[in-house]
1. Tell me, which residue of segment 243-258 that is assigned to a loop (DSSP other than H, G, I, E, B) and open to solvent by less than 40 Å² (accessible area, probe 1.4 Å) is nearest to Ile52 (Cα to Cα)?
2. Name the residues in segment 134-156 that are open to solvent by 10 Å² or more (accessible area, probe 1.4 Å), over 27 Å from Phe213 (Cα atoms) and part of a loop (DSSP other than H, G, I, E, B), would you?
3. Can you run down the residue pairs with Cβ atoms below 8 Å, 6 or more apart or on separate chains, where the first is in segment 363-376 and closer than 19 Å to Val235 by Cα and hydrophobic (A, V, I, L, M, F, W, C) and the partner is open to solvent by 30 Å² or more (accessible area, probe 1.4 Å) and modelled with pLDDT of 90 or more?
4. Would you check which residues across segment 1-45 are touching a residue at least 12 places away in the same chain (Cβ under 8 Å), more than 13 Å from Met88 (Cβ to Cβ) and either of a type in the set (D, E, K, R) or open to solvent by 100 Å² or more (accessible area, probe 1.4 Å) (or both) and list them?
5. Among the listed residues Ile252, Ile257, Ile268, Ile202, identify the single one that is farther than 30 Å from Arg34 by Cβ and of a type in the set (Val, Ile, Thr).
6. Would you check which residues across segment 264-293 are under 18 Å from Lys137 (Cα atoms) and of a type in the set (A, V, I, L, M, F, W, C) and list them?
7. Just checking, which of Asn20, Asn69, Asn110 is modelled with pLDDT of 95 or more, of a type outside the set (Lys, Arg) and closer than 26 Å to Ser150 by Cα?
8. Look at Leu159 and say whether it is surrounded by 15 or more Cβ atoms within 10 Å (Cβ to Cβ) and in a loop (DSSP other than H, G, I, E, B).
Amino acid sequence: MKNNLQEIFEKENLIVPDYNKLNLVNLVRTLYNRYDANYKVDENMKYIDKLIPKSKHTLFILIDGMGSNLVASLSDNAIIKKNKKSDMLTVSPSTTGCVLTSLATGEYPNKHGIIGWYSHNRENNIDYYPLLFADRKNEERLENFGIKSSDIFKCESMLNKLNVNTKVLYPKYICNSIYSKFVADDSKRIGYDDYNDASKIIKGITNSNDATFTYLYIPNIDNLEHENGVYSDIVRDEMGKINNMLDSLSSIDDLTIVITADHGQINIDYDVVMDFSKYKNYFYGLPGIDFATATYYVKDEMKESFEYEFNKDFKDRMHLFKTGDFLENNIFGLGDASSYFKSNMGEYVGICKNGYCFINSEDTDEYLGSVLGNHSGFSKDEMIIPLIVINNKK
């Protein structure tokens, strides 16, 4: 029998994540198991293992924002589209910090506890950006508040533990961030300037008699979708540049290229603005997660009033749930949620209807009307990502 959350998701044509189906965590665990990670193997992982040939060199690429909807819009001749093997479910919330942490740790969000672009740390009573490792008020570094990387990123990154020569490629402007250092040790991280530079570095890595595993993170598509919309010409042109790079890399001998995304995006038609001068009275922390799904940190004595006011103000644009409803429906992963995850979540979760974008910031003018593509919601286009495999084993 369907519960209220399931009925609302169905009515709004949204996906209730079922992590018993093929998903991103299955993919990364399958890849890491090839290098002695020792995750328990399930049927989804067996299926993925058959799809990905074993080669001396493996290149794992995550293209931020490249959902299956974007892949479907490409030319049939595009190497990405031609080599798509399957669709998969991403993890929820479908927002970069959350998904990239699942990629690094091999854990669902309900274990690793990184919930999105925004979060609230109860222990230090601070609103902060996990990926930027900075507070929201003035982007001051969390270290200045006595907060260490290990205080925020509780699960270990598997990319530091694989039994293979491992390299992690980030754009130079984020290569030495606190988050990048969490994902990969200094000896493993390499910064790149552009696609040509990344291609040269990868060719150098794979020019080795030893087995290699390389992870390449590409953020450009996501940024361009936010600014221009999902199917804009500038996004299509950028995808063309990525396809050209992959055409070049596909000739490397004994290389398997595995490509996926953290999430897709949808085009935005309407903004939802919260009157923070009113709602701050209800909050002990600013809303967390992102612009389509948000968690609200509400004072105990004001919960009833908050529910009433929220549903009155946003009834045609957003739905409000208690966080327990999401946990009961395993929205954030399989198994029991960690205490750390629960500590990062507020008392409520709100989701936007399709086509709406909640301006999850007091700096309304910075975002109003400027977010043309968005993610973190539960539409098919946000939640379904591709599994692409390109192999050249001679």
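The values are calculated or read from the model by the stated rules, or taken from the named source; none is laboratory data. As the structure is a prediction and not an experimental result, all values here were calculated from the model. Positions of Cβ are generated from backbone atoms using ideal geometry, with glycine treated the same way; all protein chains shown enter the neighbour counts. We work out accessible area using only protein heavy atoms, side chains counted, and drop any ligands, DNA or RNA first. Shrake-Rupley method; radii C 1.70, N 1.55, O 1.52, S 1.80 Å.
1. Selected residue: Asp254.
2. Within segment 134-156, Arg136, Lys137, Asn138, Glu139, Glu140, Gly146, Lys148 qualify.
3. Filtered contacts from segment 363-376: Val371/His226; Val371/Asp271; Leu372/His226; Leu372/Glu227; Leu372/Asn228; Leu372/Asn267.
4. Glu12, Asn13, Arg34, Asp36, Asp42
5. Residue meeting the stated conditions: Ile268.
6. From segment 264-293, those under 18 Å from Lys137 (Cα atoms) are 274-277, 279-281, 283-291; that's our starting set.
The answer is Met274, Phe276, Phe283, Leu286, Ile289, Phe291.
7. Numbers: Asn20 fails: closer than 26 Å to Ser150 by Cα; Asn69 fails: closer than 26 Å to Ser150 by Cα.
Being modelled with pLDDT of 95 or more, of a type outside the set (Lys, Arg) and closer than 26 Å to Ser150 by Cα holds for just one of Asn20, Asn69, Asn110, which is Asn110.
8. For Leu159, the condition - surrounded by 15 or more Cβ atoms within 10 Å (Cβ to Cβ) and in a loop (DSSP other than H, G, I, E, B) - is not met.
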